[in-house]
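Data block below; observations after.
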Amino acid sequence: MTYQMPPLDQLPDAAIALHRGAPDWRAAVRRAAEALTASGAADASYGERMIAMIEEYGPYIVIAPGLAMAHARPGPDVHGPGLVIVTLDEPVSFGHAYNDPVSVVIGIAATEADQHVASVAALANLFNDESVIPALAAARDTDEVRRLLAAASHPDLG
Amino acid sequence: MKIVALCGAGIGTSEILRVNAVRALERLDIEAEVSASDVAGVGVAAADAQVILTSPELVSAIGRTNADVVVIENYFDLDEITAKLEVAVG
């Protein structure tokens, strides 16, 4: 069974949520869960599992300045591979030693552990340009987000 | 040379780290096998690894290991990853 994620520059509107309000990191993760639910990838309970990962292991998901990558293990509340991008109207602290505050939350869901390899490689390509995170945080509409993501849709991994 | 990139669930951040570690190793012209693992599987995945790459928060979850544990702050900073890998494997 092979699911294919859509190219990042073809993310549907339901997978992009801009300038959402979140008073704290749990709310920020729930905003990502809501987008995963809206795009059909996962149930709301997946959001609570993403929060539980951070409660268990700490804010390791804040992998670059301003960027959190929320995720949990595959499970019955995941219906298919999903990737969503949420920007916050006010950055929130996750309690990370170096990379707070967070203004962009990427939520990912997978039904199998190795499902995200292609799209994650594309993400690595995208964010190696450090200007992309603040540009995403400032994006005003979903088309602008897709334009920013277009640069990552054809990862050059050699 | 075997290197393991580690995250909590093994589906997201460890894969980012794995991809960028491969790029850093290409810069260093070092041949290595880089895999991604979650915390639950690290004992097996890293049993014969020389290096474990991970975030500051997960270091305490690794437990006893003979591998060098290399902490990466910014998973997208190839300069940071390259410099730290060069120290660990050099």
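What do you reckon, is B:LEU6 within 11 Å of chain A (Cβ to nearest Cβ) and in a strand (DSSP E or B)?
Criteria met by B:LEU6.
B:ARG23: out of contact with any helix residue (DSSP H, G or I) (no Cβ under 7 Å at 6 or more places or on another chain), of a type outside the set (Val, Ile, Thr) and more than 15 Å from B:VAL87 (Cα to Cα), yes or no?
On the way: out of contact with any helix residue (DSSP H, G or I) (no Cβ under 7 Å at 6 or more places or on another chain): no; of a type outside the set (Val, Ile, Thr): yes; more than 15 Å from B:VAL87 (Cα to Cα): yes.
Spelling it out, it is not the case that B:ARG23 is out of contact with any helix residue (DSSP H, G or I) (no Cβ under 7 Å at 6 or more places or on another chain), of a type outside the set (Val, Ile, Thr) and more than 15 Å from B:VAL87 (Cα to Cα).
Just to be sure before I move on: is B:ARG27 buried (at least 16 other Cβ atoms within 10 Å of the Cβ), of a type in the set (Lys, Arg), out of contact with any strand residue (DSSP E or B) (no Cβ under 7 Å at 6 or more places or on another chain) and in contact (Cβ under 8 Å) with a residue 24 or more places away in the chain in the structure I sent?
No.
Among the numbered conditions (1) assigned to a helix (DSSP H, G or I); (2) farther than 20 Å from A:ILE61 by Cα, tell me where B:ASP48 comes up short.
(1)
Looking at region B:71-80, which of its residues are closer than 20 Å to B:VAL39 by Cβ and buried (at least 19 other Cβ atoms within 10 Å of the Cβ)?
To start, the set of residues in region B:71-80 that are closer than 20 Å to B:VAL39 by Cβ comprises B:71-73, B:75.
Within region B:71-80, B:ILE72, B:TYR75 meet the criteria.
Just to be sure before I move on: is B:SER14 surrounded by fewer than 20 Cβ atoms within 10 Å (Cβ to Cβ), of a type in the set (S, T, N, Q) and either over 25 Å from A:HIS71 (Cα atoms) or more than 8 Å from chain A (Cβ to nearest Cβ) (or both) in the structure I sent?
no
For A:ASP100, are the conditions met, namely being acidic (Asp, Glu) and modelled with pLDDT of 95 or more?
Against the criterion (acidic (Asp, Glu) and modelled with pLDDT of 95 or more), A:ASP100 qualifies.
I'd like the full set of residues that are over 19 Å from A:SER119 (Cα atoms) and either surrounded by 21 or more Cβ atoms within 10 Å (Cβ to Cβ) or more than 7 Å from chain B (Cβ to nearest Cβ) (or both), limited to region A:60-77.
Residues satisfying the conditions are A:TYR60, A:GLY66, A:GLY75, A:PRO76, A:ASP77.
Report, by residue number, each residue of region A:40-59 that is within 8 Å of another protein chain (Cβ to nearest Cβ), in a helix (DSSP H, G or I) and of a type outside the set (A, V, I, L, M, F, W, C).
Passing the criteria: A:GLU56, A:TYR57.
Could you grab me the full set of residues in region B:22-43 that are in a helix (DSSP H, G or I) and at the interface with another protein chain (Cβ under 10 Å from one of its Cβ atoms)? Working first, answer last.
Initial filter on region B:22-43 (in a helix (DSSP H, G or I)): B:22-28, B:39-43.
Across region B:22-43, the qualifying residues are B:VAL22, B:ARG23, B:GLU26, B:VAL39, B:ALA40, B:GLY41.
Checking A:ARG20 against (1) crowded, with 20+ Cβ neighbours inside 10 Å; (2) under 26 Å from A:GLU130 (Cβ atoms), which single condition isn't satisfied?
The failed condition is (1).
Can you tell me how many residues in region A:72-111 are under 24 Å from B:LEU58 (Cα atoms) and either of a type in the set (Lys, Arg) or outside any loop (DSSP other than H, G, I, E, B) (or both)?
Summing the residues that are under 24 Å from B:LEU58 (Cα atoms) and either of a type in the set (Lys, Arg) or outside any loop (DSSP other than H, G, I, E, B) (or both) in region A:72-111 gives 12.
The values are calculated or read from the model by the stated rules, or taken from the named source; none is laboratory data. Everything quoted here is computed from the prediction, not taken from an experiment. Backbone-built Cβ (ideal geometry, glycine too); neighbour counts: all protein chains shown.
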